[in-house]
Amino acid sequence: MDQGPLVIEQIEAGARLVRDFHSYMAVEVAFWIKTAEGYRWTLCIASDQINEKTWDLGYGEALRLIQEMNNPYLDLFRIRLVNSTSPLARAALEERRKFPGSPVGIRLGEQWFGDTAIEGAYIYPESTIAEKEGVSAP
Amino acid sequence: MRARYVENQNADVIFRQKKFSEKCWTHDLEVLVGLAGLRAALDVDTAANQQLNVNWSLVAQWEEISRYHSQPEAEARKLFEAVTNPQDGVLTWIKVHW
């Protein structure tokens, strides 16, 4: 389905998931990436709260929300949770800092991103996450 | 997964539809699940079993290039557990369906 470029339907589905997930676990940054050798676009959600003790709870909730959404553009093959200090998350935060307060997402082409060679990326603007506040935290 | 795919195809398909058969050389689990005719079963089973869902999601992140990446031991153990867990592991699930 997603061997080509990232499409608007994926971005919109991801935005909804990120907002809903943020109610459960505070999201610092969220982005789609396709790694240079990867098979598909993957939605990465980065949170300070993702760690050894919470990763399974986080995945459980994200996957529960995906099932609830019943959207063909999101499934278990397209989701990845990372800590905000991971190289990928830090690279995304760094890119977002270049455009503070920007209401639009940032698209990146082929490049080195954190510790990974990517074919492309889309970083959600801060407003995508901020639209829904109120974290219940695990 | 490849074994399941080959088992499901008769020789006619394998030899006459070469390009289709060649797809099974991929390491992409999502594609292999589809080729093996197990996507519907996976959707039903992961909807009913949250731990299986989480395990599949973790294992699906593996790419061919991942073998060259150095990973912390905890990450490696998580992946190993997601594959081999006797109840909800990905390999356990595949074995049920081959």
For the subset of region B:54-80 comprising residues that are within 8 Å of chain A (Cβ to nearest Cβ) and touching a Gly at 6+ places or on another chain (Cβ under 8 Å), which member is nearest to residue A:75 (Cα to Cα)?
B:54
Given the structure, is residue A:90 in a helix (DSSP H, G or I) and free of Cβ contacts under 8 Å to residues at least 12 places away in the same chain?
no
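Of all residues in region A:22-44, how many are over 19 Å from residue A:72 (Cβ atoms) and within 14 Å of another protein chain (Cβ to nearest Cβ)? Please lay out each step first, then the result.
Going residue by residue through region A:22-44, those that are over 19 Å from residue A:72 (Cβ atoms) are A:22-31, A:33, A:35-38, A:44.
From the residues that got through so far, the ones that are within 14 Å of another protein chain (Cβ to nearest Cβ) too are A:33, A:35-38, A:44.
So the answer is 6.
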Would you check if residue A:30 is part of a strand (DSSP E or B) and of a type in the set (A, V, I, L, M)?
yes
Any pair with Cβ under 7 angstrom, 6 or more apart, that starts in region B:43-62 at a residue that is over 20 Å from residue A:45 (Cα atoms) and ends at one that is modelled with pLDDT of 95 or more and outside any helix (DSSP H, G or I):
B:49/B:88; B:52/B:88
Which members of region B:68-98 meet the condition of being more than 13 Å from the chain's Cα centre (by Cα) and under 16 Å from residue B:46 (Cα atoms)?
B:85, B:86, B:87, B:88
Sort out which residues of region B:29-60 are of a type outside the set (Val, Ile, Thr) and surrounded by fewer than 18 Cβ atoms within 10 Å (Cβ to Cβ), and write them in order of number.
B:34, B:37, B:39, B:40, B:41, B:43, B:45, B:47, B:48, B:49, B:50, B:51
Select from region B:27-53 the residues that are in contact with a Ser or Thr (Cβ under 8 Å, 6 or more places away or on another chain) and either of a type in the set (A, V, I, L, M, F, W, C) or more than 10 Å from chain A (Cβ to nearest Cβ) (or both) and list them in ascending order.
B:32, B:52
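Output yes when any residue across region A:57-76 is among the β-branched types (Val, Ile, Thr), within 14 Å of chain B (Cβ to nearest Cβ), buried (at least 17 other Cβ atoms within 10 Å of the Cβ) and without any contact (Cβ under 8 Å) to a residue 40 or more places away in the chain, and no when none is.
Checked against the condition, which is being among the β-branched types (Val, Ile, Thr), within 14 Å of chain B (Cβ to nearest Cβ), buried (at least 17 other Cβ atoms within 10 Å of the Cβ) and without any contact (Cβ under 8 Å) to a residue 40 or more places away in the chain, region A:57-76 yields no hits at all.
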Test each condition in (1) closer than 30 Å to residue A:87 by Cα; (2) modelled with pLDDT under 95; (3) surrounded by 13 or more Cβ atoms within 10 Å (Cβ to Cβ) for residue B:94 and report the one that comes out false.
(1)
Looking at (1) of a type outside the set (S, T, N, Q); (2) within 11 Å of chain B (Cβ to nearest Cβ); (3) over 15 Å from residue A:116 (Cα atoms), can you tell me which one residue A:19 breaks?
(2)
Out of all the residues in region B:8-21, is one or more at pLDDT below 90, among the aromatic types (Phe, Trp, Tyr) and within 17 Å of residue A:39 (Cβ to Cβ)?
no
On the given criteria, is residue A:63 touching a Pro at 6+ places or on another chain (Cβ under 6 Å), part of a helix (DSSP H, G or I) and under 24 Å from residue B:79 (Cα atoms)?
no
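The values are calculated or read from the model by the stated rules, or taken from the named source; none is laboratory data. Quantities reported herein were computed from a predicted structural model and do not represent experimental measurements. So basically every Cβ, Gly included, is an ideal-geometry build from the backbone, and we count neighbours across all protein chains shown.
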